[in-house]
Amino acid sequence: MPIVELAGADFCDDDGVLYRYLEESWATQRSHGDALSIVQSENAVLNNVHIPPGARGGDVHQISRYFMEWDTSSVAGSILGGTLKIRGSTNAGQDFHDVILLKAEQANPLTLADFEKIVNAASPLSNSDGAGTGTFAGTTVVRYSGTISTWSESAYNEILLASASIDDLNSGTFKCVLISQDFDYPDIAPDDAHHRIAFKTNYSSDADERPVLVLTTEATGNSTFFGANF
C-alpha cells in the first residue's frame, strides 16, 4: 500500500509544549485550565517533576504536555493507519518515563488556555488527587497510541497510531498531545525526581530532525514523500 510522509513545517501546522511549574500540589497543577508558559523552540522536554520543600522554596510540581496539529488534507485516498515519528535528544539528568499519545482539541495557534484541551478529559482532570482518582484509564479520553516505553536520545522514536486515530487522520486536521503514561495519565504524583524525555520539535533548524507523520493509504501509485526529512 502507498506510503505518504508528511514532514516538518509544511504539514505540522503548530506544535509546542505547555508547562505548569509552581509551589502547588500535583492535583492543583494537573487540573488547572491554563499553562504558565509555552515552549516553541528547537529542543523541548516533557517533564513530570516533584521538588520537595528546601532551598528552592516550598513543594514544587511541574507538568508539561506536548501538543501538535497536522494538516492531512492533501493526502489522496483514504488513510488506513500511521506512525508519528519524533526525534529524541539529550537532556542532562533525564530520568525516563513512559509516554502516550492522546486526542487533543487545542487552538491554532496554541495558547496557554490549551493546557487542559485533551478530548473528554474535563471530568477526570477535575478529580485529580495525585493518587489515581483522576486517572484517564477507563474513561472516554481517546488514546491514539499504546504506551511508549522506550525513548531514543539520538534517533527517531516511532509512535504507532491506534485505530482510534483513523477517522481524525482522514478529517484533514489531526490534533494530538503527548503526555506521561506514568504520571499525568494515571494521576500519580511523581516522587522526588525529574522525570523527563527530550526531543526535537517542528522548530528545529535541521529539517532532518523535525517530526514526521508517516501514513498508509489506499491511493494507487507509488509511495509519495512530502518535505525533505530523508
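The values are calculated or read from the model by the stated rules, or taken from the named source; none is laboratory data. Not measured: the values here are computed from a predicted model. Methodologically, a virtual Cβ is constructed for each residue, glycine included, from the backbone with ideal geometry; neighbour enumeration extends over all protein chains shown.
Looking only at residues in region 83-94 that are under 20 Å from Ala162 (Cβ atoms) and not hydroxyl-bearing (Ser, Thr, Tyr), the one that is surrounded by the fewest Cβ atoms within 10 Å (Cβ to Cβ) is Lys85.
For region 21-39, check the following and say yes or no: at least one residue is surrounded by 15 or more Cβ atoms within 10 Å (Cβ to Cβ), touching a residue at least 60 places away in the same chain (Cβ under 8 Å), under 30 Å from Thr217 (Cβ atoms) and not hydrophobic (A, V, I, L, M, F, W, C). Within region 21-39, none of the residues are surrounded by 15 or more Cβ atoms within 10 Å (Cβ to Cβ), touching a residue at least 60 places away in the same chain (Cβ under 8 Å), under 30 Å from Thr217 (Cβ atoms) and not hydrophobic (A, V, I, L, M, F, W, C).
Residues are listed down the side, and each one gets a yes or a no for (1) in contact (Cβ under 8 Å) with a residue 60 or more places away in the chain; (2) crowded, with 22+ Cβ neighbours inside 10 Å; (3) touching a Lys or Arg at 6+ places or on another chain (Cβ under 9 Å):
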position	(1), (2), (3)
Gly77	yes, no, no
Gly81	yes, no, no
Phe96	yes, no, yes
Ile118	yes, yes, yes
Ser154	yes, no, yes
Leu160	yes, no, no
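Within region 125-136, the presence of a residue that is loosely packed, with under 13 Cβ neighbours inside 10 Å and without any contact (Cβ under 8 Å) to a residue 12 or more places away in the chain is excluded. Only a single criterion out of (1) touching an Asp or Glu at 6+ places or on another chain (Cβ under 9 Å); (2) under 15 Å from Val17 (Cα atoms); (3) surrounded by 18 or more Cβ atoms within 10 Å (Cβ to Cβ) is not satisfied by Pro109, namely (3). Is region 52-67 home to any residue that is surrounded by fewer than 20 Cβ atoms within 10 Å (Cβ to Cβ) and either touching a residue at least 40 places away in the same chain (Cβ under 8 Å) or under 18 Å from the mean Cα position of the chain (by Cα) (or both)? Yes, that holds for at least one residue. Of the residues making up region 162-188, those that are among the hydrophobic types (A, V, I, L, M, F, W, C) and crowded, with 20+ Cβ neighbours inside 10 Å are Leu169, Phe174, Cys176, Val177, Leu178, Ile179, Phe183.
Conditions tested, residue by residue: (1) part of a loop (DSSP other than H, G, I, E, B); (2) closer than 29 Å to Ser171 by Cβ.
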{"residue": "Ala44", "(1), (2)": "no, yes"}
{"residue": "Gln62", "(1), (2)": "no, no"}
{"residue": "Trp70", "(1), (2)": "no, yes"}
{"residue": "Ser74", "(1), (2)": "yes, yes"}
{"residue": "Gly82", "(1), (2)": "no, yes"}
{"residue": "His97", "(1), (2)": "yes, no"}
{"residue": "Ile100", "(1), (2)": "no, yes"}
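Matching residues to (1) of a type outside the set (S, T, N, Q); (2) farther than 16 Å from Phe11 by Cβ; (3) modelled with pLDDT of 95 or more:
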residue: Ile188; (1), (2), (3): yes, yes, yes
residue: Asp191; (1), (2), (3): yes, yes, no
residue: His194; (1), (2), (3): yes, yes, no
residue: Val214; (1), (2), (3): yes, no, yes
residue: Thr217; (1), (2), (3): no, no, yes
